[in-house]
Amino acid sequence: MSAVLDARGIGMSFRNGDELTEVLKGVDLTLMPGELAALLGASGSGKSTLLSIVGLLLRPTTGTISIGGQRVEILSESERAEFRNRRLGFIFQFHHLLPDFTATENVAFPAAAPAGGISPSMRSRARDLLARVGLADRMDFPATRLSGGQKQRVAIARALMNSPELVLADEPTGSLDRVAAEQVLDLMREVNREDKATFLVCTHDEKVAARCMRRITLQDGRVEGASVSDGPPG
Amino acid sequence: MFALTVARRYLLSNPAQTALLVAGVALGVTAFVFITALIQGLAVRLTDDVTANSAHVSLAPLTRVARVLPSPDADVEAVAIVSTFQRRQIRAWASTVALLRTQTSVSAISPQISGSAFLVKGEAVAPVAVTAIDPAGLDAISPISTKIVSGAASLGADGILIGVRLAENLGLSSGQPVLFRTDRGVDRLLTIRGVFETGLQSLDERVAYLSIQTARPLFRLPEGVTNIEVKLVDPHRAREIAAFLREATGLRTTSWQEKNASLESGLEAQAQTGTLIQTFSLISVLIGIASALSLSANRRRGEIGIMRAFGISKGFIATVFVLQGLLIGMVGAGIGCLSGFALCSWLATLTKPDGSMALPIVPAEGGYVAVFVLTILGAVLASVIPARSAARLDPLEAIQQ
């Protein structure tokens, strides 16, 4: 089985005046289909930078990245945007739902904007996803009337709208209380298990990492221990 | 169009702010409409005042100028002397009038003898500009008969009409005789048949009307006329028709615009001032839209960042903001045009104590199509800056904030 993500020799450095800061120093990382991996590391270890590079929001200084067998670091900006839209899903610490839209409209948004509107099939899929994340009774609620945990669940449904090959989550429970955080983690595990969706979860929280099937720890811009997957999850 | 749905939702998400923004646009458009209707109205009133009381095109003989004759001997110069003995005149005026009658653009023709004279009453002497016309066409150029304040508008033999100021200065009234002395040294006793008041001091103090038959011996012009005054169906074509008549008759022709150059330059200056005010009112509208949309783009940085992260194109995000500008412009311009028309229509009903309009405003001349189109175009242009800045937002930076 081929890897969903295959990143090799990822380096990232920033120039601040005369000073060159090397954030990532040749990171190798592979994820197999259906994996739920935690990307751990202390603040400043480079984990958010790596997630942004894998999510095509940043270009690495060095290295190659393949997602679903396609080299992506060589894509133009508009091609990267299209790739993100069709093949990647994002869950951020802050959901940033569109407050003037309903839960269904928020979920359908990534598909609707490029298509020029919400088609009946998009609406149907968005509603299925909302039912899947336990919000069947909140589908037509405006985003502003949802609780923090419910909003993050809408954000998870939104990330799954275009059936992405890889879902990238950056501190997905960071802004939630303990109960809501547990619910969101359960949901991610459930989607991962049942839909075989591949997740890379960036976190500094050991409890979150403990719920994942694999741990990848970054320290000082390098991966500690094994970073290459041994194979598909059991 | 999904971008339109997003733009509409964004605008409706804060109704009070959107209402204020639209009100600002509408106010600017109302000011534009008011200024345009007022300036147009003023121009129409001034032009109408002039064209209603004067000829639109005047025909007169060519000016005679003394000229140097060519001489084979360079030391000797010969000059053709201009005779001042005989008054310049249009001898073939009947054929010129016949030509004018064939022109559909001409509405009235008045062959005239114009000259200078003095009115003498005892020791008092007053200079007058004499207009001698066919009594049947007394009102052809200027409606004098409606301005008569005493006596009658009749120009029988030896009759004269004078202005009210002139009558006051000389202590004259209708029915009285007055000694008329022309610039040709001919004296004759005329009877004042009527006194008119036009409201224009230059006319009421200096102009006198005679019949052309009375004037012929007085100005020693047994056959010709000194000028032919013409009224046109459309006074605005006066320049063009004057040029045509110059070619056709060989006479010197003058349009009413040439005679009133100061009026024309005044109207131009007024129009330029109006354009400046209109431009500033539009600019203030555009600055309002640009700043409001910039604030909106800034407030929605997180949402825009997420959209960009999800691969929503820059074009889509820019379109959302341009459409907001377009919607604000359309609604604001529409309301502004309606309120501008309502304001101008109300102002047009206001009158002075004498019954005349308080403001020379023409509600129909508010430049509605121009301001509607300009406001919408301007609103779209004003939204381009916030639209570009929203589209260029770095998704990572926006999300992390």
(request) For the range B:32-46, name all the residues that are touching a helix residue (DSSP H, G or I) at 6+ places or on another chain (Cβ under 7 Å) and closer than 26 Å to residue B:109 by Cβ. (result) B:46
(message) Regarding the range A:133-144, can at least one residue be identified that is open to solvent by 40 Å² or more (accessible area, probe 1.4 Å), closer than 17 Å to residue A:39 by Cβ, basic (Lys, Arg) and touching a residue at least 24 places away in the same chain (Cβ under 8 Å)?
(response) no
(request) Among the helices (runs of 4 or more DSSP H) lying completely within the range B:232-335, list those that include at least 1 residues that are within 14 Å of chain A (Cβ to nearest Cβ) and open to solvent by 20 Å² or more (accessible area, probe 1.4 Å). (result) B:261-299, B:301-309
(message) So in the range B:68-102, with the set limited to residues that are assigned to a strand (DSSP E or B) and modelled with pLDDT under 70, which one is nearest to the chain's Cα centre (by Cα)?
(response) B:80
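For (1) farther than 26 Å from residue B:106 by Cα; (2) open to solvent by 30 Å² or more (accessible area, probe 1.4 Å); (3) at pLDDT 90 or above; (4) not in a helix (DSSP H, G or I), each residue gets a yes or a no:
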{"site": "B:3", "(1), (2), (3), (4)": "yes, no, yes, no"}
{"site": "B:11", "(1), (2), (3), (4)": "yes, no, yes, no"}
{"site": "B:17", "(1), (2), (3), (4)": "yes, yes, no, no"}
{"site": "B:22", "(1), (2), (3), (4)": "yes, no, yes, no"}
{"site": "B:27", "(1), (2), (3), (4)": "yes, yes, yes, no"}
{"site": "B:30", "(1), (2), (3), (4)": "yes, no, yes, no"}
{"site": "B:48", "(1), (2), (3), (4)": "no, yes, no, no"}
{"site": "B:52", "(1), (2), (3), (4)": "no, yes, no, no"}
(message) Here is a list: B:37, B:7, B:26. Which entry is outside the structural domain of residue B:131 (by TED's automatic domain parsing), under 16 Å from residue B:295 (Cβ atoms) and of a type outside the set (Ser, Thr, Tyr)?
(response) B:7
(message) Take the conditions open to solvent by 60 Å² or more (accessible area, probe 1.4 Å), within 19 Å of residue B:136 (Cβ to Cβ) and touching a residue at least 12 places away in the same chain (Cβ under 8 Å) and apply them to residue B:193. Does it pass?
(response) yes
(request) Identify, from the list B:390, B:364, B:370, the residue that is buried (at least 17 other Cβ atoms within 10 Å of the Cβ) and part of a helix (DSSP H, G or I). (result) B:390
(request) Please find, among A:110, A:99, the residue that is closer than 26 Å to residue A:3 by Cβ and either in contact with an Asp or Glu (Cβ under 7 Å, 6 or more places away or on another chain) or within 13 Å of another protein chain (Cβ to nearest Cβ) (or both). (result) A:110
(request) Hey, could you check the range B:160-180 for residues that are open to solvent by 10 Å² or more (accessible area, probe 1.4 Å), assigned to a helix (DSSP H, G or I) and touching a helix residue (DSSP H, G or I) at 6+ places or on another chain (Cβ under 8 Å) and say which is nearest to residue B:133 (Cα to Cα)? (result) B:164
(message) I'm checking my understanding of the structure. Among residues of the range A:42-71 that are surrounded by 14 or more Cβ atoms within 10 Å (Cβ to Cβ) and more than 24 Å from residue A:21 (Cα to Cα), which one is nearest to the other protein chains (Cβ to nearest Cβ)?
(response) A:67
(request) Determine whether residue B:214 is farther than 26 Å from residue B:52 by Cα, touching an Asp or Glu at 6+ places or on another chain (Cβ under 7 Å) and β-branched (Val, Ile, Thr). (result) yes
(request) Scan the range A:113-133 residue by residue and report those that are outside any helix (DSSP H, G or I) and more than 14 Å from chain B (Cβ to nearest Cβ). (result) A:133
(request) Return yes when residue A:15 is more than 14 Å from chain B (Cβ to nearest Cβ), more than 30 Å from residue B:9 (Cβ to Cβ), open to solvent by 10 Å² or more (accessible area, probe 1.4 Å) and not acidic (Asp, Glu) and no when it is not. (result) yes
(message) Just to check your reading of the model, which residue among B:110, B:114 is surrounded by 13 or more Cβ atoms within 10 Å (Cβ to Cβ), in contact with an Asp or Glu (Cβ under 6 Å, 6 or more places away or on another chain) and under 23 Å from residue B:155 (Cβ atoms)?
(response) B:110
(request) Give the residues of the range B:1-42 that are of a type in the set (Val, Ile, Thr), in contact (Cβ under 8 Å) with a residue 24 or more places away in the chain, within 14 Å of another protein chain (Cβ to nearest Cβ) and farther than 19 Å from residue B:283 by Cα, sorted by residue number. (result) B:6
(message) Exactly one condition in (1) open to solvent by less than 20 Å² (accessible area, probe 1.4 Å); (2) in contact with a Ser or Thr (Cβ under 8 Å, 6 or more places away or on another chain); (3) of a type in the set (Lys, Arg) is false for residue A:127; which is it?
(response) (1)
(request) Taking the residues in the range A:79-124 that are among the aliphatic types (A, V, I, L, M) and farther than 22 Å from residue B:7 by Cβ as candidates, determine which candidate is surrounded by the fewest Cβ atoms within 10 Å (Cβ to Cβ). (result) A:91
(message) With the requirement that a residue be of a type in the set (D, E, K, R) and touching a Ser or Thr at 6+ places or on another chain (Cβ under 6 Å), what does the range B:114-152 give you?
(response) B:139, B:147
(request) Give just the number: which of (1) more than 14 Å from chain B (Cβ to nearest Cβ); (2) under 23 Å from the mean Cα position of the chain (by Cα) does residue A:141 not satisfy? (result) (2)
(message) Which count do you get for residues in the range A:166-210 that are more than 23 Å from residue A:57 (Cβ to Cβ) and open to solvent by 50 Å² or more (accessible area, probe 1.4 Å)?
(response) 15
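The values are calculated or read from the model by the stated rules, or taken from the named source; none is laboratory data. Fair warning: this is a prediction, and the values are worked out from it, not measured in the lab. When we count neighbours, we look across all protein chains shown, and the Cβ atoms used for this are built from the backbone with ideal geometry, even at glycine. Each accessible area value is taken on the protein alone, full model and side chains, heavy atoms only, with ligands, DNA and RNA left out. Shrake-Rupley method; radii C 1.70, N 1.55, O 1.52, S 1.80 Å.
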